[in-house]
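I have placed the structure first, in the form of structure tokens, so that the comments after it can refer back to it.
The values are calculated or read from the model by the stated rules, or taken from the named source; none is laboratory data. Since we're looking at a predicted model, the values are computed, not measured. Note: ideal-geometry Cβ built from the backbone for every residue, glycine included; neighbour counts use all protein chains shown. Accessible surface areas use protein heavy atoms only, side chains included; no ligands, DNA or RNA. Shrake-Rupley method; radii C 1.70, N 1.55, O 1.52, S 1.80 Å.
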Amino acid sequence: MRIGVAYDLQTDPSDERQAEFDPPRTILAVTKALEALGHEAVNLGGVRELLAHPECLDGIALVLSLVEGSGGRCREAWVPTLLELTGVPYVGSRPSALAVALDKAVAKRLAVGTGVSTPRWVSVPNPAALPARLPLHFPVIVKPQHEGSGIGVDGGAVVHDDEALRARVQWLFARWPEPVLVEEFVPFGELTVCVIGNDPPVAYPAIQRPLDP
């Protein structure tokens with residue numbers, strides 16, 4: 001099978017804007033694994049490459065999309081949307097799921113609506129909109145609402161009083177001018193659970209994420 005690999009290449013690991021991108025060694029490992037299974041792997045690049053050269057999808061039977069995109073809350077949905085428009089099958093979530101999942105507040109509302117517990121939170125569109133009295137209990141953790149891979153979350157993300165909260169929201173908004181999620185802090189480790197398939201979906205074992213001090 002001729003399988004296309006779509007990705008955003010990480011060229012500068014120190015650049016936070018590329019935190020979610022894949023380094024060359026990851027792309028090489030993926031293509032080598034596909035070739036070891038007897039497939040022809042074709043490197044496609046990201047959304048800009050696909051827009052500039054749509055002919056690169058000619059003859060592609062399936063796309064493995066690792067693309068994260070950059071800028072905007074729907075960026076992870078761009079490549080799957082293009083693939084749906086062109087009728088090329090792909091592996092992974094649909095555009096609607098990707099757009100919802102990248103917006104933490106929307107994802108939390110869906111979780112609450114289906115009975116899944118989640119820490120209480122408020123969404124703050126800008127520093128001036130931060131309520132005078134926070135309807136949450138300290139400590140709280142402050143995050144960019146539309147980012148992933150721990151972007152904007154470091155040792156100063158957890159704050160314990162109003163003064164520190166306002167300073168953190170201002171600092172965060174200056175670096176990522178998007179809504180800020182303020183959430184009651186849960187002081188435990190972070191777990192990732194990978195789910196594969198649809199009918200039925202299969203959950204892989206939980207992975208404990210190392211916490212960077």
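How big is region 141-213 along each principal axis, measuring the range of its Cα positions in Å and listing the largest first?
Per principal axis, max minus min of the Cα coordinates gives 47, 24, 19 Å.
Counting pairs of Cα atoms in the chain, how many percent are more than 27 Å apart? Could the numbers behind the result be given before it?
Working: 9243 of 22578 pairs.
The share of Cα pairs beyond 27 Å in the chain comes to 41 percent.
When the chain is fully extended, how far beyond the present Cα-Cα distance does Glu16 get from Ala52, taking 0.36 nm per residue of separation?
Extra length available between Glu16 and Ala52 comes to 10.4 nm.
Expressed as a rounded percentage, what relative contact order does region 14-105 have, with Cα pairs under 8 Å and six or more residues apart? Could the numbers behind the result be given before it?
Values: 72 pairs, mean separation 21.3, N = 92.
Relative contact order of region 14-105: 23 percent.
Put one equal scatterer on each alpha carbon of region 1-49, apply the Debye formula with no solvent term, and list log10 I(q)/I(0) at q = 0.23, 0.30, 0.32 1/Å to two decimals.
-0.82, -1.09, -1.16
Per the Kirkwood treatment, what hydrodynamic radius in Å, one decimal, follows for region 1-95 from the mean inverse distance over all distinct Cα pairs?
Details: mean 1/r = 0.0737 Å⁻¹.
Over region 1-95, the inverse of the mean reciprocal pair distance is 13.6 Å.
Please work out the average accessible area per residue across region 31-97, using the 1.4 Å probe convention, and give it in Å².
55
As I understand it, the dipole of the chain uses +1 on the Cβ of Lys and Arg and -1 on the Cβ of Asp and Glu, about the Cα centre. Which of Pro54, Tyr90, Val124 lies farthest toward its positive end?
Of the candidates, Val124 comes out farthest on the positive side.
Counting only heavy atoms of the protein chains, get the accessible area per residue of region 102-151 (1.4 Å probe) and round it to a whole Å² value.
52
How large is the dipole of region 7-136 about the Cα centre if only Lys and Arg carry +1 and Asp and Glu carry -1, each at its Cβ, rounded to the nearest 20 debye?
Dipole about the Cα centre, nearest 20: 940 debye.
If DNA, RNA and ligands are ignored and the probe is 1.4 Å, what is the ranking of Asp12, Asp22 by accessible area, most exposed first? Before the final figure, lay out the partial values.
Details: Asp12 60, Asp22 30 Å².
Putting Asp12, Asp22 in descending order of accessible area: Asp12, Asp22.
At a Förster radius of 30 Å, what calculated FRET efficiency corresponds to the Cβ-Cβ distance of Ala132 and Ser93, to the nearest 0.05?
0.15
With a 1.4 Å probe and every protein chain left in place, tell me how much accessible area Cys74 has, in Å² to the nearest 10.
Rounded to the nearest 10, that gives 50 Å².
Specify the longest stretch of the chain that does not include any exposed loop site, a site being one of the trypsin sites (Lys or Arg not before Pro) with a non-H, G, I, E, B DSSP assignment and at most 15 other Cβ atoms within 10 Å.
My reading of the result: 1-119 is the longest stretch.
So what is the orientation-averaged projected area of region 22-68, using the convex hull of its C-alpha atoms, in nm²? Don't skip to the answer; put the middle values down first.
Details: hull surface 13.7 nm².
Its average projected convex-hull area is 3.4 nm².
Using a Gaussian network for the chain with springs between C-alpha atoms less than 10 Å apart, which of these wobbles most: Val67, Val142, Val91?
Top of the fluctuation ranking is Val91.
Once neighbouring chains are kept in place and the probe is 1.4 Å, which whole percent of the accessible area of region 88-181 is contributed by carbon and sulfur?
C and S atoms contribute 58 percent here.
Taking H placed 1.01 Å from N in the peptide plane, check which residues at least 5 places from Leu62 or on another chain put their amide H under 5 Å from its amide H.
It is Gly4, by chain and number.
Using a Gaussian network model of the chain whose springs link C-alpha atoms within less than 10 Å, name the residue from Gly148, Gly72, Gly38 with the highest mean-square fluctuation.
Gly38
Leaving ligands, DNA and RNA out of it, rank Thr26, Thr11 by accessible area with a 1.4 Å probe, largest first.
If we order Thr26, Thr11 from most to least accessible, we get Thr11, Thr26.
Top mean-square fluctuation among Asp15, Asp162, Asp199, Gaussian network model of the chain, C-alpha springs under 10 Å?
Judging by the Gaussian network model, the answer is Asp199.
Nearest-5 percent of antiparallel DSSP beta bridges in the chain? Don't skip to the answer; put the middle values down first.
Details: 16 of 28 bridges.
If we restrict to bridges inside the chain, about 55 percent are antiparallel.
Of His146, His39, which has the most accessible area with a 1.4 Å probe, and how do the rest follow in descending order?
Of His146, His39, the descending order of accessible area is His39, His146.
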